Every structure is written in C-alpha cells, then in structure tokens.
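Comments concern the structure below.
None of the figures in this text is laboratory data; all of them are computed from the coordinates on show. Note that this is a predicted model, so its numbers are computed, not measured. Methodologically, a virtual Cβ is constructed for each residue, glycine included, from the backbone with ideal geometry; neighbour enumeration extends over all protein chains shown.
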Amino acid sequence: MQERLVLQSDYQEKGEPIPIVAGVHAIIKSLKTTINAKDLTYKHLKATSIGECKDLEREWFPPWKPEDSYYLKSLDRKSYFTICCYWKPKEEKEEEYVIGNIIVKVDKNNKAMNYFCNNKFDPNQKEEEQVVNAKNNFGKTIAYICSIGVIDEARRLGIGTKLVESANEYAAKNYRNCVGVSLHVISTGKRAIGLYERCKFTKLFTEPKYYNMSGKRIDAFCYAKSFDKPYIDNNLIVEFLVNFLLKKVKMIVRKLGELIKAVFYIKKAIEVS
Ligand SMILES: CC(C)(COP(=O)(O)OP(=O)(O)OC[C@H]1O[C@@H](n2cnc3c(N)ncnc32)[C@H](O)[C@@H]1OP(=O)(O)O)[C@@H](O)C(=O)NCCC(=O)NCCS
C-alpha cells in the first residue's frame with residue numbers, strides 16, 4: 001500500500017504515515033491537475049458514492065473502521081444526511097469524484113439540548129439528564145455533525161467551510177423543529193477547531209477522554225451554534241387548533257339546541273291555535 005506524502009490526519013500521532021486508500025488521489029495525479037473551485041458542486045450523497053466516502057473516512061480518521069450504516073441512513077434524509085463536495089475534472093466528461101463530505105445526524109438526544117433550550121450547559125450532568133432537564137424542549141431536534149473531511153489536495157480552498165455552511169442551511173430549512181447544530185472535535189484537531197470557530201460556533205465544554213485513539217484516550221471539545229430562526233412548537237399549534245375546534249363544536253351544539261327548542265315551541269303554538 002502507498003503511503004501519503006502530503007499531510008497528516010489530525011487523528012494520527014505526528015510522524016505516522018497514513019495509508020492511501022481512496023482512488024481519487026491517483027486520478028488527480030494521473031490528470032496532472034489541480035482542484036479548481038468552478039469544477040465543484042455540493043450535493044447530497046449518491047448511493048453509488050458510499051464506497052468512495054468510506055475510503056476517504058479511513059484516511060481522515062485512521063483508527064476507525066467506517067460503517068455503511070450512516071451513509072445508508074443518509075439516503076432518505078430522515079434522521080441523517082450527508083452532503084458531498086463532488087469534483088468533476090474538466091479533462092473528464094462524465095465522472096465526478098467525492099473530495100469532501102459532511103455527515104449529519106438530526107435528533108433529540110443531544111448533549112447540547114440544554115444549551116439550545118435554556119442557554120446554559122451543565123457539564124456535570126449525564127447525557128440523558130441533559131435531555132430530560134432541558135425545559136422547553138417540546139419536540140426540538142438538533143443537528144449533530146458526525147464527521148467532516150476534505151482530501152489533502154483540496155484543503156485550504158474553503159471546501160470545509162462551505163460543507164459546514166451547506167449542512168447548517170439544509171438542517172435549518174428542512175427539519176422544522178431543528179434549532180441548531182452541535183459537534184465533538186478532538187482537542188488536538190487545530191484545523192477543525194479553526195474551521196468551527198470561523199463558522200461562529202461556541203465552545204460549550206470539554207469532554208475528558210472522549211476519543212479512544214488505539215488505546216490512548218484524548219479529550220474532545222463540544223461546540224454548538226443556534227440557528228437564527230423562530231422555533232415553531234408543534235404541540236402548541238395542535239393545542240391551539242384543538243381548542244379552536246372544540247369552541248366551534250360547542251357553539252354549533254348550542255345553536256342546534258336553540259333551534260330544536262324554537263321548533264318545539266313553534267310546533268306547540270301551532271297545536272294550541
Ligand atoms: C478540518 C478540515 C475539514 C478543513 O477543511 P478545509 O477544506 O481545508 O477547510 P477551509 O478551506 O474551509 O478552511 C481551512 C483554512 O483554509 C483557509 N482558506 C479558506 N479558503 C481559502 C482560500 N481560498 N485560499 C487560502 N486559504 C483559504 C481558511 O481561512 C482556513 O485557514 P486556517 O487553517 O488558518 O484556519 C480538513 O482539514 C480535514 O479534512 N481534516 C481531517 C479530518 C478532520 O480532522 N475532520 C474534523 C472532524 S471534527
């Protein structure tokens with residue numbers, strides 16, 4: 001297996017070579033080309049790109065064995081979505097290659113829930129307690145960035161920033177109860193930390209020994225960012241509609257009662273006369 005000459009992963013001890021597994025590196029080399037912003041598109045993961053994404057993930061996060069599951073779950077975009085940066089070299093007519101991606105999960109069970117509901121975070125509380133203790137969390141969900149990566153040859157072109165921005169925009173627009181985005185980042189991941197701070201994420205807390213790097217435990221930082229959109233609570237809307245309908249039904253019943261009474265009196269009056 002070839003060894004990488006370019007950069008190191010933030011998830012690897014300094015000096016350790018990272019095996020090249022993704023085919024796109026050879027394509028870049030054989031075309032003797034560089035990545036150009038105008039040849040890039042940002043779109044949802046295609047089922048046919050899952051293999052490419054897994055190979056890239058093996059390079060970006062070497063200790064982990066990538067799984068199919070969250071890519072497969074991303075395809076219907078119910079609880080996960082994956083946005084990829086596709087590169088279509090001008091030298092090729094049809095082919096496009098994944099050179100970066102961001103995988104996002106959207107749900108309620110998020111450690112940062114209390115922060116989004118009450119603007120505070122208690123690092124001493126357990127995850128389940130954070131969710132339970134988060135008052136005003138009526139149906140709220142949070143987008144959680146599971147992973148983000150860009151190939152070495154295309155770094156420092158703004159692709160990482162664009163992936164984060166696209167994911168935030170998609171989550172805010174398409175998951176009606178989604179109030180913000182959170183993530184864990186390895187405390188040694190300077191580039192990723194720089195990226196999130198540039199994207200105006202707030203550092204909430206440090207989670208000691210969160211990552212297991214081949215037996216060595218490393219701290220994580222939890223970052224979060226609220227979406228700037230009004231939150232519409234479905235429960236309150238349903239409650240309002242039910243009350244409104246009940247009032248109308250009561251009014252109709254009352255009117256019907258009055259009508260029946262009137263008919264009864266008219267009938268009686270006719271009988272008497
Ligand atoms: C973290 C990572 C995704 C960033 O991707 P990226 O595409 O290089 O990110 P950006 O280009 O948006 O920003 C990176 C830097 O390039 C700079 N930059 C952005 N556009 C630029 C441009 N057109 N010209 C020059 N520099 C530019 C940014 O200001 C930033 O500078 P900084 O490093 O001094 O903060 C990438 O380094 C990576 O894949 N790392 C390995 C995997 C990883 O650690 N993932 C994080 C998991 S939480």
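At-a-glance table
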{"item": "Rounded FRET efficiency, nearest 0.05, which uses the C-beta distance separating ASN118 from LEU241 and R0 of 41 Å", "result": "0.90"}
{"item": "Cα centre as origin, Lys/Arg/Asp/Glu Cβ charges: the chain dipole, Debye", "result": "1400"}
{"item": "Positive-pole candidate from TYR196, ASN101, VAL263, dipole of the chain, charges at beta carbon", "result": "VAL263"}
{"item": "Simple label model, 7 Å out from Cα along Cβ direction - THR48 to ASP107, nm", "result": "3.1"}
{"item": "Inter-part distance where the range 32-82 and the range 251-273 are each reduced to a Cα centre, Å", "result": "72"}
{"item": "Cross-link reach list, lysines versus LYS248, counting only Cα pairs under 24 Å and skipping chain neighbours closer than eight places", "result": "LYS261"}
{"item": "The range 164-273: C-alpha pair distances exceeding 23 Å, %", "result": "61"}
{"item": "Burial ordering of LEU241, LEU195, LEU183, fewest other beta-carbon atoms within 10 Å first", "result": "LEU241, LEU195, LEU183"}
{"item": "Computed over the range 24-232: relative contact order in percent, which uses C-alpha pairs under 8 Å that are six or more apart", "result": "17"}
{"item": "Gain on full stretching of the segment that runs from ARG176 to ASP228 - 0.36 nm per residue minus C-alpha separation", "result": "17.5 nm"}
{"item": "Reachable lysines, given that their alpha-carbon falls under 19 Å from the alpha-carbon of LYS93 and they are not under 8 places away in the same chain", "result": "LYS29, LYS32, LYS38, LYS43, LYS46"}
{"item": "Relative counts (whole %) of C-alpha pair distances in the chain, using bins that are 10 Å wide", "result": "6, 24, 28, 17, 8, 5, 4, 4, 3, 1, 0, 0"}
